[in-house]
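What follows is a short report on a single structure.
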Amino acid sequence: MATALANAPEQGQLVSVRSRRWVVSEVNKSGLSPPPLEPTTEKAQHLVSLLSVEDDALGEELQVIWEIEPGAKVIEKVALPEPTGFDLPARLDAFLDAVRWGAASTADLKNIQAPFRSGITIEDYQLDPVVRAIQMPRVNLLIADDVGLGKTIESGLVALEMIIRHRARRILVVCPASLQFQWRDQMRDKFGLDFRIVDSERMRDLRRRRGIHVNPWSHFPRLITSIDFLKRERPLRLFKETLPAEGESIYPRRYDILILDQRFPEEPKHLQDKDLCVHYFAKKSLSWYAPNIRP
């Protein structure tokens, strides 16, 4: 039950803000004195720092002024309902399945959650990458299926499973410019994951709304960009600013998952093996990025 309270919430409380659930991580009371010409009965405002507990935005941070945030509510603790009878066996079975599916852990290698939380029809072979991924201490996969066999779906299943298991939060997709909208739409429609495209238009919009010093690579945990845009001087410089400087610790990792979608139209003629092509591309374009991916 959510109730609107005039007082600021306490640290650790569960709240509803902007139609999503958050946990209060910090509450700071304003130290400003009230205006001399206004009545002193007005209460001080509070800056509340929040952490998301939603499956598709786990760990996402938000700061709000509690007293002026529309619709902000504290989710109060309530007692369990009084039992009035026994549920039907089919309903109990569905409840137990939901509990099992919602209790995924890093150590559980048998139960895969992503297919049940996505809106797709899955072929058997599309489960192979996600089965392999949950068994790897560091996920490192080459998906080289033919065109039309669902490489995007397989990548989405792996990303969603890692998010559910709390092994990943920040994701970067690097793909050809012509596929950016396809990646965004498929991740949103089929997996419920909101991605934002980083391009020249996004940079102009962020600078207009947040100031000229905003870094587009740190404004959202899930991003899509094209390799041609990333190789430009200014985007590449801003991107490297989000990574640890020389001598700094690389932990915690700045990014958890890198999905590289590349067709290698300009691969060297002497490199015919797809594995070698991947290593060639990574060495030439993203070799400096590899240490910043979570192991």
- Message: assigned by TED's automatic domain parsing to the domain that holds Asp194 and at pLDDT 80 or above: is that true of Arg165 in this structure?
- Response: yes
- Query: Do we find a residue being part of a loop (DSSP other than H, G, I, E, B), in contact with an Asp or Glu (Cβ under 7 Å, 6 or more places away or on another chain) and among the hydrophobic types (A, V, I, L, M, F, W, C) anywhere in the stretch 115-135?
  - Reply: no
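Only one residue in Arg204, Arg253, Arg222 is surrounded by fewer than 12 Cβ atoms within 10 Å (Cβ to Cβ) and out of contact with any Gly (no Cβ under 9 Å at 6 or more places or on another chain), so which one is that?
Result of the check over Arg204, Arg253, Arg222: Arg204.
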- So, in the stretch 199-230, of the ones that are assigned to a loop (DSSP other than H, G, I, E, B) and touching a helix residue (DSSP H, G or I) at 6+ places or on another chain (Cβ under 7 Å), which residue ends up farthest from Leu51 (Cα to Cα)? Asp199
- Query: Going by the conditions given, is Leu160 over 16 Å from Ile259 (Cβ atoms), touching a residue at least 12 places away in the same chain (Cβ under 8 Å) and either assigned to a helix (DSSP H, G or I) or within 18 Å of the chain's Cα centre (by Cα) (or both)?
  - Reply: no
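The values are calculated or read from the model by the stated rules, or taken from the named source; none is laboratory data. As the structure is a prediction and not an experimental result, all values here were calculated from the model. Every residue, glycine among them, receives a Cβ derived from its backbone with ideal geometry; neighbour counts consider all protein chains shown.
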